[in-house]
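Chemist: This is the structure I want to talk about, given as structure tokens.
The values are calculated or read from the model by the stated rules, or taken from the named source; none is laboratory data. All values reported here derive from a predicted model rather than from experimental measurement. Reconstructed Cβ throughout: ideal geometry from the backbone, glycine too, with neighbour counts over all protein chains shown.
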Amino acid sequence: MQFKKLIIIVFVSLFSFSLQAEESKKINNNNTEFNIYTGMFDFSDDGKRSTLIGFQHQNEDFNRDTFLGNLSPITGAMITADNASYFYTGVQAHYKLGSLNFTPSFAPGYYNQGDGKDLGHALEFKSEVQLSLELPKESQFGFSYNHLSNASLGDKNPGANSYMFNFLKKF
């Protein structure tokens, strides 16, 4: 029940952010991107799969053009219906292919098992790829896949594979 309330709060907040952004266009440089996502945590494990919801922030003021492409920092959090949570910060690359965007990222973070899957260590690394389609008004809709792993830092390293549907909005 708490998970459903959290989903409602996140989507109401996103809607209000969108309205506020429209009212303050004179200040808007569109350098901050918020990503709200939901999907299935560890879809490949029948015993521990769980729905998830998450939020990610990216600020293009700190981006850098490198030989790998345009890199920028990301920070985010996700929580599952089993109260497992993951807080992360890392880097993402951005490649634009017309109205389609390809965004791979890597982020180490803190994982709390809650009542969910034991991933073997508190430090987990998230590798992710995302495809998104540009929409009007600085928005995107996308699909992403990620893998969490502790790189064998713990006694066990079962990993978790997840997929998400993403809504991205620049402010």
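Chemist: Applying the selection to the stretch 112-124, what residues are in a strand (DSSP E or B) and either under 19 Å from residue 55 (Cβ atoms) or among the basic types (Lys, Arg) (or both)?
Modeler: Within the stretch 112-124, 112, 124 meet the criteria.
Chemist: Within the stretch 54-68, how many residues are surrounded by 16 or more Cβ atoms within 10 Å (Cβ to Cβ), of a type outside the set (A, V, I, L, M, F, W, C) and touching a Phe, Trp or Tyr at 6+ places or on another chain (Cβ under 9 Å)?
Modeler: 3
Chemist: Quick one: what pairs do we get from the stretch 39-63, first residue assigned to a loop (DSSP other than H, G, I, E, B), second of a type in the set (A, V, I, L, M) and surrounded by fewer than 22 Cβ atoms within 10 Å (Cβ to Cβ), C-beta under 7 Å, 6+ apart or different chains?
Modeler: Correct list of pairs: 49/40; 63/71.
Chemist: Just the residues that are surrounded by fewer than 16 Cβ atoms within 10 Å (Cβ to Cβ) and in a strand (DSSP E or B), please, taken from the stretch 88-98.
Modeler: Of all residues in the stretch 88-98, those surrounded by fewer than 16 Cβ atoms within 10 Å (Cβ to Cβ) come to 89, 95-98.
89, 95, 96, 97 - these are the residues of the stretch 88-98 that are surrounded by fewer than 16 Cβ atoms within 10 Å (Cβ to Cβ) and in a strand (DSSP E or B).
Chemist: Against the condition surrounded by 15 or more Cβ atoms within 10 Å (Cβ to Cβ), under 18 Å from the mean Cα position of the chain (by Cα), in a strand (DSSP E or B) and at pLDDT below 95, how does residue 72 come out, does it pass?
Modeler: Taking the combined requirement at face value, the residue satisfies it.
Chemist: Something else: Does the stretch 97-114 contain at least one residue that is under 21 Å from residue 64 (Cβ atoms), aliphatic (A, V, I, L, M) and at pLDDT below 95?
Modeler: For the stretch 97-114, residues under 21 Å from residue 64 (Cβ atoms), aliphatic (A, V, I, L, M) and at pLDDT below 95: present.
Chemist: Taking the residues in the stretch 31-48 that are touching a His at 6+ places or on another chain (Cβ under 9 Å) and not acidic (Asp, Glu) as candidates, determine which candidate is surrounded by the fewest Cβ atoms within 10 Å (Cβ to Cβ).
Modeler: Just the residues of the stretch 31-48 that are touching a His at 6+ places or on another chain (Cβ under 9 Å), to begin with: 32-35.
Adding the requirement that they be not acidic (Asp, Glu) leaves 32, 34-35.
Numbers: 32: 15, 34: 19, 35: 23.
Ranking the qualifying residues of the stretch 31-48, first place goes to 32.
Chemist: Here is a further query. Out of all the residues in the stretch 99-122, which are of a type in the set (A, V, I, L, M, F, W, C) and exposed (fewer than 14 other Cβ atoms within 10 Å of the Cβ)?
Modeler: 100, 122
Chemist: Those residues that are over 14 Å from residue 35 (Cβ atoms) and in a loop (DSSP other than H, G, I, E, B), I need them from the stretch 125-160; list them, please.
Modeler: Result: 136, 137, 150, 151, 152, 153, 154, 155, 156, 157, 158, 159.
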